[in-house]
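The values are calculated or read from the model by the stated rules, or taken from the named source; none is laboratory data. Not measured: the values here are computed from a predicted model. Heads up, the Cβs are rebuilt from the backbone with ideal geometry, glycines too, and the neighbour counts pull from every protein chain shown. Ligands, DNA and RNA are excluded from the accessible area calculation, which covers all protein heavy atoms including side chains. Shrake-Rupley method; radii C 1.70, N 1.55, O 1.52, S 1.80 Å.
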Amino acid sequence: MIPRTLFSSEHELFRQSVRTFLEKDAVPFHSQWEKQGHIDRNLWSKAGEAGMLCSHLPEEYGGLGADFLYSTVVIEEVGRLGLTGIGFSLHSDIVAPYILHYGSEVLKHKYLPKLVSGEMVTAIAMTEPGAGSDLQGVKTTAVLDGDEYVINGSKTFITNGFLADLVIVVAKTDPKAGAKGTSLFLVEANTPGFDKGKRLEKVGMKAQDTSELFFQDVRVPKENLLGQAGMGFAYLMQELPQERLTVAIGALASAEAALQWTLDYTRERKAFGKAIADFQNTRFKLAEIATEVQIGRVFVDKCLELHLQGKLDVPTAAMAKYWTTDLQCKVLDECVQLHGGYGYMWEYPIARAWADARVQRIYAGTNEIMKEIIARAL
């Protein structure tokens, strides 16, 4: 196998600490979290104490000023263990950068330290009942009234929505201006008129608190606008490459874990008097999976390298997101087949991972949208 060269000894020490933390504080409870529909709130505080949240933020805002590889380690270890209920990456690598890059100094000092500590859980409210990948179709409005914006609308499929204390809301400040009328706002969960709907029951990712959010005459200070009014769509486009890279990193970690689980299972499970791994069909399937996962690993690590240099462009990030999530679903389906009937039992991690993976081809922009982005760049 091709060795990975991106990570230093410090990164690997951090990986071991993350792995130890997750195996102690998350793995034993994840099945219970699946039943209750969300992880325990105190896991966020524990993760903050362990330095697992927003490590990339500058020290002046409570972070470690670490490079993106520390975030990568957290994503990979969460993916390796199948802990899909844990929304740390969305909080650290998607929400926090919007505040860091577009928030005022007042907003950054007010909120970012609380994101680092886990005192506040965050979400980003883009998707609506009638607007998914087409963000220009957002109907939620934010109307300036004196020194406040008044927000009205609804959102759905919001990751971390049930536990969120702070939400970035995508809204139209000028509904007639299309993409150029979109703006981003910070809204605290206790703001009057902001209500959380039911936790949505999903096919997979059952421990992830995905919710509906409702905004009825929600008033926020105009200072809660991120950046400039009307620039929201541009900001979203600038930040999406990192979001799509995080999806690719998690998808590949999941595929690698599935391969290892299946290698272990087929070596132990016997049929017709010999291990399943001894059948030529099994060996060839495993060889195909191992090869494709290795190809994905080299590509994603190259994307990581480019991202660390500030050179990961939108089409390449789209390639990584679409190809790795397609690969993940293909690998998991093959691995379920090699587990036989047990592969369909919820107690086996391969079954959970298979159910959890399917949405990856949909969120962060559907894979069809990724192909459109790539095609336009050709």
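Quick look at the values:
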quantity: Yes/no for residue 245 being in contact with a strand residue (DSSP E or B) (Cβ under 9 Å, 6 or more places away or on another chain) and of a type outside the set (Val, Ile, Thr); calculated: no
quantity: Enumerated helices (runs of 4 or more DSSP H) restricted to segment 275-378, each holding at least 2 residues that are more than 25 Å from the chain's Cα centre (by Cα); calculated: 280-308, 314-339
quantity: Unmet criterion (only one of (1) in a helix (DSSP H, G or I); (2) of a type outside the set (S, T, N, Q); (3) surrounded by fewer than 20 Cβ atoms within 10 Å (Cβ to Cβ)) for residue 4; calculated: (1)
quantity: In segment 212-242, residue least open to solvent (accessible area, probe 1.4 Å) [restricted to those that are charged (D, E, K, R) and in the same structural domain as residue 167 (by the TED database)]; calculated: 212
quantity: Contacts under 6 angstrom Cβ, first residue in segment 333-358 being farther than 17 Å from residue 252 by Cβ and assigned by the TED database to the domain that holds residue 276, partner among the aromatic types (Phe, Trp, Tyr) and in a helix (DSSP H, G or I), 6 or more apart; calculated: 336/354; 339/265; 348/342; 351/344
quantity: Filter result (at positive phi and of a type in the set (Gly, Ala, Ser)) within segment 1-58; calculated: 37, 51
quantity: Set 139, 155, 176, 180: member being outside any helix (DSSP H, G or I) and open to solvent by 30 Å² or more (accessible area, probe 1.4 Å); calculated: 139
quantity: Every pair of residues 6+ apart whose Cβ atoms lie under 6 Å, when the first sits in segment 47-74 and is over 17 Å from residue 16 (Cβ atoms) and among the acidic types (Asp, Glu) while the second is modelled with pLDDT of 95 or more and open to solvent by 40 Å² or more (accessible area, probe 1.4 Å); calculated: 59/65
quantity: Test set (1) buried (at least 23 other Cβ atoms within 10 Å of the Cβ); (2) in contact with a helix residue (DSSP H, G or I) (Cβ under 6 Å, 6 or more places away or on another chain) - residue 356 fails condition number; calculated: (2)
quantity: Count of segment 142-162 residues which are closer than 23 Å to residue 112 by Cα and either assigned by the TED database to the domain that holds residue 37 or under 24 Å from the mean Cα position of the chain (by Cα) (or both); calculated: 5
quantity: Every pair of residues 6+ apart whose Cβ atoms lie under 9 Å, when the first sits in segment 303-328 and is free of Cβ contacts under 8 Å to residues at least 12 places away in the same chain while the second is open to solvent by 40 Å² or more (accessible area, probe 1.4 Å); calculated: 306/313; 311/305
quantity: Set 204, 197, 161: member being part of a loop (DSSP other than H, G, I, E, B) and over 21 Å from residue 96 (Cα atoms); calculated: 204
quantity: Selection status of residue 291, surrounded by 14 or more Cβ atoms within 10 Å (Cβ to Cβ), out of contact with any Phe, Trp or Tyr (no Cβ under 8 Å at 6 or more places or on another chain) and at pLDDT 95 or above; calculated: no
quantity: Some residue of segment 39-52 being in a helix (DSSP H, G or I), of a type in the set (Lys, Arg) and over 22 Å from residue 122 (Cβ atoms); calculated: no
quantity: Those residues of segment 163-184 which are modelled with pLDDT of 95 or more and either of a type in the set (D, E, K, R) or under 20 Å from the mean Cα position of the chain (by Cα) (or both), in sequence order; calculated: 163, 164, 165, 166, 167, 168, 169, 170, 172, 184
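Conditions (1) surrounded by fewer than 15 Cβ atoms within 10 Å (Cβ to Cβ); (2) in contact with an Asp or Glu (Cβ under 6 Å, 6 or more places away or on another chain); (3) among the hydroxyl-bearing types (Ser, Thr, Tyr), marked per residue:
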site: 244; (1), (2), (3): no, no, no
site: 247; (1), (2), (3): no, no, no
site: 250; (1), (2), (3): no, no, no
site: 266; (1), (2), (3): no, no, yes
site: 278; (1), (2), (3): yes, no, no
site: 287; (1), (2), (3): yes, no, no
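Residue-wise test of (1) farther than 28 Å from residue 203 by Cα; (2) outside the structural domain of residue 205 (by the TED database); (3) more than 15 Å from the chain's Cα centre (by Cα); (4) of a type in the set (Phe, Trp, Tyr).
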residue	(1), (2), (3), (4)
36	no, yes, yes, no
57	yes, yes, yes, no
72	no, yes, no, no
86	no, yes, no, no
90	no, yes, no, no
104	yes, yes, yes, no
111	yes, yes, yes, yes
115	yes, yes, yes, no
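Let's see how each residue does on (1) surrounded by 22 or more Cβ atoms within 10 Å (Cβ to Cβ); (2) in a loop (DSSP other than H, G, I, E, B); (3) in contact with a helix residue (DSSP H, G or I) (Cβ under 7 Å, 6 or more places away or on another chain):
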| position | (1), (2), (3) |
| --- | --- |
| 56 | no, yes, yes |
| 73 | yes, no, yes |
| 78 | yes, no, yes |
| 101 | no, no, no |
| 106 | no, no, yes |
| 114 | no, no, no |
